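Read through the structure below, which is laid out as structure tokens, and then see the notes.
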Amino acid sequence: MKQFLIFITIISIANFAAKAQQANIWYFGDRAGLDFNNTPPTALTNSQMTTHEGCATVSDSTGHLLFYTDGRNVWNRNHLVMPNGSGLMGHESSTHSAIVIPKPGSNTIYYIFTADAHENTGAGGYRYSEVDITLNGGLGNITATKNVLLYAPSTEKLTAASHSNGIDIWVITKDLNNFTFRAYLVTCNGIDINPVISTVAPINGATFGFWTGGLKVSPDGTRMASARNVEGKWDLFKFNNSTGIISDRIMITHSSQIAGYGIEFSPNSQIVYVNGDYTYQFKIGVYDSATISNSKYRVDNVFVQHDALQIGPDNKIYSNTSPNSSVINNPDVYGAGCNYAEQTISLNGRSGHAGYPTFFGRLVTNYNVDYTYSFLPDCKTVNFSGVSNIPGPLIWNWDFGDGNTGTGQNITHVFPSSPTSLQLHSP
């Protein structure tokens, strides 16, 4: 029997081959690292970076390292600081000191967004710098676009998500001492410095809970979760990845003992994991605080501080525990079947400290059916190529969401302006 892939309105266009490899190398902590080009991931000990919390790395479409950063310095693939790669205004004690965003439609331009830390009262604010990987003999360098201020002061919360068109990217920040988020759109034309601003319902008590702790958007782009690193609670939001609007905050309690820090969604976007004294999971299929709170399940039995959580390119979730990393092998499964394994990923004697590299879900999460794309210089003409690891003959039907359709695994389409939304349904 033939299998059918139908592309209909409202998909997530994803750069399948590239995104599945661009998160294959992780550098974090005190010169620690993991190589996801191997299964299971193996320890790397050649990092030159020492950071207590936030950091970011990016690899090319074949999984080879391009560069990594702690939000202050940028190291190239030879582990040397880029000639113009120092003096960025992130902070090694910021939860998300940096995130790397590939410029849509480009294989050579990357943006590093940075966030200052609570210890510095967020004075450095949110900023971005541009890396051109063709400079310095192909090792890359920061261009003249460096430390461009978005606004200040900042919190430590910084994340990203794919636009509903699957090509553009939202970069999300959090204002200090209020309940406002800002979403900046990155497109083929660069960074739109006019953000979509969302103010959510106030939180009872101090606003410090919105200062620090992990911030993540679900892989399907419909939810956002924020850990509060001052109390045993976390917040869930609705996210509209077409408009960038964040809304409908609800608060969930996970622990009465130790504050939350790491937070992550399962690959199927139906479960949230929160780190604190233990690792907890919550079912979020029903958007109701009581229902979500009542679904709390503790997945481990080791009472230690669990720090960052990050989904890997193998669709497992990694937990930064000391002295090695722990792993949730089946994160889409609720209950004991998630198969949490304590301290099973060796860092070969290095310390991971509290952080992992910050990635956004669509860059790192793998899917059975997806497609790659490339832009022509007009930023309207897009070459699509279907990608799948499903065996057997496939029939590809495309609906571009603007009244036009097409067939075939490889297809070119000219959009009237920016690409409209598409949706992918697989058998």
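Bear in mind these aren't lab numbers, they're just calculated from the coordinates by the rules spelled out. What you see is a predicted model, and the numbers here were worked out from it, not measured in a lab. All Cβ positions, even for glycine, are placed from backbone atoms using ideal geometry, and neighbour counts span all protein chains on display.
Rounded to the nearest 20 Debye, what is the dipole magnitude of segment 3-364 about its Cα centre when Lys and Arg each give +1 and Asp and Glu each give -1 at the C-beta?
It comes to approximately 280 debye.
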With each pseudo-label sitting 7 Å past Cα toward Cβ, what's the LEU376-VAL333 distance in nm, one decimal?
-> 4.9 nm
Would you please give the residues with an amide H less than 5 Å from that of HIS254, counting only those at least 5 places away or on a separate chain, with H modeled from the backbone geometry?
-> LYS233, TRP234
Just rank LEU309, LEU176, fewest to most, by other beta-carbon atoms within 10 angstrom.
-> LEU176, LEU309
To the nearest 20 debye, what charge dipole does segment 71-207 have about its Cα centre, counting +1 at the Cβ of each Lys and Arg and -1 at the Cβ of each Asp and Glu?
-> 100 debye
Using the Kirkwood radius over Cα pairs of the chain, the Stokes-Einstein translational diffusion coefficient at 10 °C and 1.306 mPa s, in µm²/s and rounded to a whole number, is 74 µm²/s
Using +1 at the Cβ of each Lys and Arg and -1 at the Cβ of each Asp and Glu in segment 91-176, identify which of SER164, GLY137, TYR126 lies farthest towards the dipole's positive end.
-> SER164
For ASP132 and ASN46, extending 7 Å from Cα along the Cα-Cβ vector and measuring point to point gives, in nm, a value of 2.7 nm
Read phi for every residue in segment 349-359 and hand back ³J(HN,Hα) as whole Hz from Karplus 6.51 cos²θ - 1.76 cosθ + 1.60, θ = phi - 60°, with x for Gly and Pro.
-> x, 8, 9, x, 6, 9, x, 10, x, 8, 10
ALA160's amide H: which non-local residues (gap 5+, or another chain) put their own amide H closer than 5 Å, with H modeled 1.01 Å from N in plane and none for Pro or chain starts?
-> ILE172, VAL217
If you count the DSSP beta bridges with both ends in the chain, what percent of them are antiparallel, to the nearest 5?
-> 95 percent
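Which entries in the list LYS103/LYS380; LYS157/LYS233; LYS103/LYS238; LYS174/LYS316; LYS103/LYS146 go over 19 Å, if you measure between the two C-alpha atoms of each?
Where the Cα-Cα span goes over 19 Å, the pairs concerned are LYS103/LYS238; LYS174/LYS316.
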Could you go through segment 323-329 in sequence order and give the Karplus-derived ³J(HN,Hα) for each residue, using 6.51 cos²θ - 1.76 cosθ + 1.60 with θ = phi - 60°, rounded to whole Hz, and x for Gly and Pro?
-> x, 10, 8, 9, 9, 9, 6
Once phi is turned into θ = phi - 60°, what whole-Hz ³J(HN,Hα) does the Karplus curve with 6.51, -1.76 and 1.60 give for every residue of segment 92-106, x standing for Gly and Pro?
-> 5, 10, 8, 3, 10, 5, 7, 9, 9, 10, x, 5, x, x, 10
Residue-averaged 222 nm ellipticity for the chain, from DSSP H runs of 4+ at -39500 (n - 2.57), nearest 500 = -1000 deg cm²/dmol
